[in-house]
Structure formats: C-alpha cells, structure tokens
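Worksheet: one structure, shown below.
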Amino acid sequence: MRYGEADRILHLYTPERGRLSAIAKGSRRPKSRFGGRLEPFFRLNVDLHEGRSDLLTVTGAETVAGHARLRTDAGALDAAARACDAVGRLFETSEGHPAVFHLLCNELALLDALPASATRSHALAFRLKLLVAAGLAPRLAGCVSCGATSGLTRFTGSGGGVLCERCWVTGTGRESWRGVAFALGPGAMEFMAQALARPLAQAPEAEPASLGQAERAIGETLEQHAQVRLRAASNGRI
C-alpha cells in the first residue's frame, strides 16, 4: 500500500509472529535500496526494527524466492492472490503458525513452477489443508450425529462434517438438521477425502458440480466456526 511520497506499507505473513504490518521507507524511489523485492508474493528474509508503534520498519530485505511467473501468468497470479487472502483472513493475528507459513510457501512455489496448477480443485485442496491447520478439519468418515459410516449424503457446516440420510430426515441428535445441512454427493466427498490425504502437489480433480459442493462445505465450516467468509476459490474463468 502506498504511503506518503515514497514509502510503502507492507502486509507480511511470518512463521513465528503471524501477520505483521511494516513500513518500507523510501521503497518507491527509483534508486531504493530495496530494489524490486518488496512486491506481492515474494518470499523474503526481512530485517525489521520494532519501535513503539505496532507498525514495524523494514531495514533490510533479501530475496529467498521471487516467484516471477506469478506476475506474468494471469491464472497463477489470481490463484496466488486468493491463497494469500485466505491465509490473511483466517490467520489474521500476530500468533505464529509455522505450518500455515510453510503451506503458503509451498502453494506459491507450486503456482510459480506450474501455472497450470492454478485450478479450482487445487485452490480448494489448499483451503482444505488450511482448515486442518486451523483445527477445523471436516469429519468425513462418519455421521457427525450418530456415527454411521453408510448413507452419508449431507454436509453440515455447523456440525463440522457429513450427516447420514436417516439423521437428516428424522432430526436425530437435534431438533432438525434440515435447515443447516445440504446435499453432498459421492464425488464431492471423494474429492475432499483425497485432497486431505494427498500432498498439495497431487491435488485431485473433480467435476464442477462436486467442486461446488466442496467449496460450499469449506465456506460454511469457516463461517460457522471461524466467522470468516472467503472470496470464491477462483474467478470463474478457470
């Protein structure tokens, strides 16, 4: 974010101190000592001075990974922006989450190395892993109400997982599940299970309808348990 005549305010995500804001003085000058390093999606080693205010001061920056292709490939750039936005919204405090930091680094590196990975299914696999890091992994192996492992046809964000048809119809375990559960087909359930089990680089693919159900499951889980609403996983052109 531009500040004053020649400065920038940066939003940084760090492994040990979570999300931070810092000012880089003079960084917009043509002969700035920071060069072009303080741009979106760079991974850096940054020297920060901590004064009396919450806003730190950048005193040095060394590039670890520039991720140049994220500024030339439209699909990868958009996917990277949405990944950073998801992390920023879900982990917005100064509490450190090293696993989240390394997950984001892995995501940006994958998008940089292979822009074709900027698919909706890949973005949703990344968000599912963020749910795990936040302690909100959806329960997929059994009904959240009765524990049944068959007839799993619905998903409830408030319940945090799948629901069997019997509990949905009868309202077992609560007055009614009908207002808080929606249909989750086998394709969506398989996609979510595989995305959680596989490395991010091996994110599974699925039909658009299944991905839509998976995205709704992720979104409702976050809204119910973290009070966070994310942007759509893709811009609709992927």
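The values are calculated or read from the model by the stated rules, or taken from the named source; none is laboratory data. What you see is a predicted model, and the numbers here were worked out from it, not measured in a lab. No Cβ is skipped: glycine too gets one built from the backbone with ideal geometry, and neighbour counts run over all protein chains shown.
Return a yes/no flag: does the range 102-119 have any residue that is of a type outside the set (Val, Ile, Thr), at pLDDT below 90 and part of a loop (DSSP other than H, G, I, E, B).
yes
Need pairs with beta-carbon distance below 9 Å; first residue within 27 Å of residue 26 (Cβ to Cβ) and within the range 61-81, second acidic (Asp, Glu) and not in a helix (DSSP H, G or I); sequence gap 6+ or separate chains.
61/47; 62/47; 66/39; 71/39
All but one of (1) buried (at least 17 other Cβ atoms within 10 Å of the Cβ); (2) under 20 Å from the mean Cα position of the chain (by Cα); (3) closer than 16 Å to residue 213 by Cα hold for residue 154, so report the exception by its number.
(2)
When residue 124 is evaluated against the numbered criteria (1) aliphatic (A, V, I, L, M); (2) within 17 Å of residue 223 (Cα to Cα); (3) free of Cβ contacts under 8 Å to residues at least 24 places away in the same chain, which criterion, by number, is the only one it fails?
(3) is the only condition that residue 124 fails.
Name the residue that is modelled with the lowest pLDDT, counting only residues in the range 168-180 that are crowded, with 17+ Cβ neighbours inside 10 Å and under 24 Å from residue 135 (Cβ atoms).
177
Got a sec? Which of 201, 209 is touching a Gly at 6+ places or on another chain (Cβ under 9 Å), at negative phi and surrounded by fewer than 15 Cβ atoms within 10 Å (Cβ to Cβ)?
That would be 209, the only listed residue that is touching a Gly at 6+ places or on another chain (Cβ under 9 Å), at negative phi and surrounded by fewer than 15 Cβ atoms within 10 Å (Cβ to Cβ).
State yes or no: is residue 169 without any contact (Cβ under 8 Å) to a residue 24 or more places away in the chain, over 30 Å from residue 18 (Cα atoms) and in a helix (DSSP H, G or I)?
Considered against the rule, which asks whether it is without any contact (Cβ under 8 Å) to a residue 24 or more places away in the chain, over 30 Å from residue 18 (Cα atoms) and in a helix (DSSP H, G or I), residue 169 comes out as yes.
Going by the conditions given, is residue 128 closer than 29 Å to residue 33 by Cβ, modelled with pLDDT of 95 or more and surrounded by 21 or more Cβ atoms within 10 Å (Cβ to Cβ)?
Answer is no for this residue.
Please note which strands (runs of 3 or more DSSP E) are completely contained in the range 1-94 and include at least 1 residues that are acidic (Asp, Glu) and farther than 30 Å from residue 123 by Cα. I'd like the intermediate steps shown before the answer.
Numbers: elements: 7-14, 18-24, 43-49, 56-65.
In the range 1-94, the matching strands (runs of 3 or more DSSP E) lie at 7-14, 43-49.
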